[in-house]
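The structure appears below as structure tokens.
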Amino acid sequence: MRGTKSARAYGAMMALGSIFTILTLTACQSTPKWVKTGVYTGSDAKAFYSTGEVMGIRNEPLAWDVAENRARAQMVKILSTYTAYLMRDYAASTVGSDLKRTTEEQHVEEATKTFAAATLNGVRPVDRYKDEKKGIYYVVVKMELEDVKDMIVQSRELNSQMRDYVRKNADRAFERLEKEEQKREAPMQKPKE
């Protein structure tokens, strides 16, 4: 009888230990914030980040490649997009012989055409995550500011004045952004007592 009680106690402890282990591992593999928000904030302030995702592909290496390529495509959209926009708007109001009766009509058309193409050098994956339940693969890619500047210099679509302006002002713009972020963070930080 005594051996049965200790075997049950041992079994119960093993079950509790297993549950604790599973809960701990699940907590450690929680969904990253950037997956939930869609915004990746890397530690390098002088870099551009973009994300890509894919679902429905069972071949895992292929899924990772597709997610990475989609992140690269998103980077191209961020850095080099030409958009043409057209909107036509027509409105009319007609009054008949009876001034109390009017006829109203309107017609609105909107068309947007977007094109993006660029050669990306120096873009590399920096983070990735797989949602096991949904089968979604997420990848973050990063492009350093220096690589962006090189891309712009090599771009045939920008004229020489624009290339020179970007080259001269890119670093300064990032430094100003960092200073503004520090100003915004300073009031939030409470002084230590």
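The values are calculated or read from the model by the stated rules, or taken from the named source; none is laboratory data. These numbers come from a predicted model, not from an experiment. Here the Cβ positions follow ideal geometry from the backbone for every residue, glycine too, while neighbour counts run over all protein chains shown. The protein model used for the area step is the full one, side chains on, heavy atoms only, and it has no ligands, DNA or RNA in it. Shrake-Rupley method; radii C 1.70, N 1.55, O 1.52, S 1.80 Å.
Computed from phi, the 3J(HN,Hα) profile of segment 46-60 under the Karplus parametrisation 6.51, -1.76, 1.60 (θ = phi - 60°) reads 9, 8, 10, 10, 8, 10, x, 8, 8, 9, x, 10, 7, 6, 4 Hz, with x in place of Gly and Pro. For the set V141, V153, V95, solvent exposure ranked by accessible area (probe 1.4 Å, protein chains only) runs largest to smallest as V95, V153, V141. Work through the residues other than S50 whose Cβ is under 10 Å from its Cβ and net out their charges, Lys, Arg +1 and Asp, Glu -1. Its environment carries a net charge of +4. Note on K130: accessible area approximately 50 square angstrom, rounded to 10, probe 1.4 Å, nucleic acids and ligands left out.
Go through K142/K168; K36/K168; K77/K130; K46/K130; K142/K183; K33/K77 and tell me which ones have a Cα-Cα distance over 29 Å in this structure. Pairs exceeding 29 Å: K36/K168. Taking every alpha-carbon pair within segment 99-152, the share separated by more than 20 Å comes to 63 percent. The accessible area of R176, taken with all protein chains in place and a 1.4 Å probe, comes to roughly 130 Å². 3J(HN,Hα) along segment 138-152, derived from phi through the Karplus expression 6.51 cos²θ - 1.76 cosθ + 1.60 where θ = phi - 60°, amounts to 10, 9, 10, 10, 10, 10, 5, 4, 4, 5, 5, 4, 4, 4, 5 Hz, with x in place of Gly and Pro.
With R₀ set to 22 Å, the beta-carbon distance separating E181 from D150 gives a calculated FRET efficiency near 0.30.
Residue-wise HN-Hα couplings along segment 61-68, as the Karplus relation 6.51 cos²θ - 1.76 cosθ + 1.60 with θ = phi - 60° gives them from phi, are x, 5, 4, 4, 4, 5, 4, 5 Hz; Gly and Pro carry x.
The listed residues S43, S93 rank as S43, S93 when sorted by accessible area, largest first, using a 1.4 Å probe. Would you mind pulling out the separation of the Cα centroids of segment 31-76 and segment 119-136, in Å? Centre-to-centre (Cα) distance: 4 Å.
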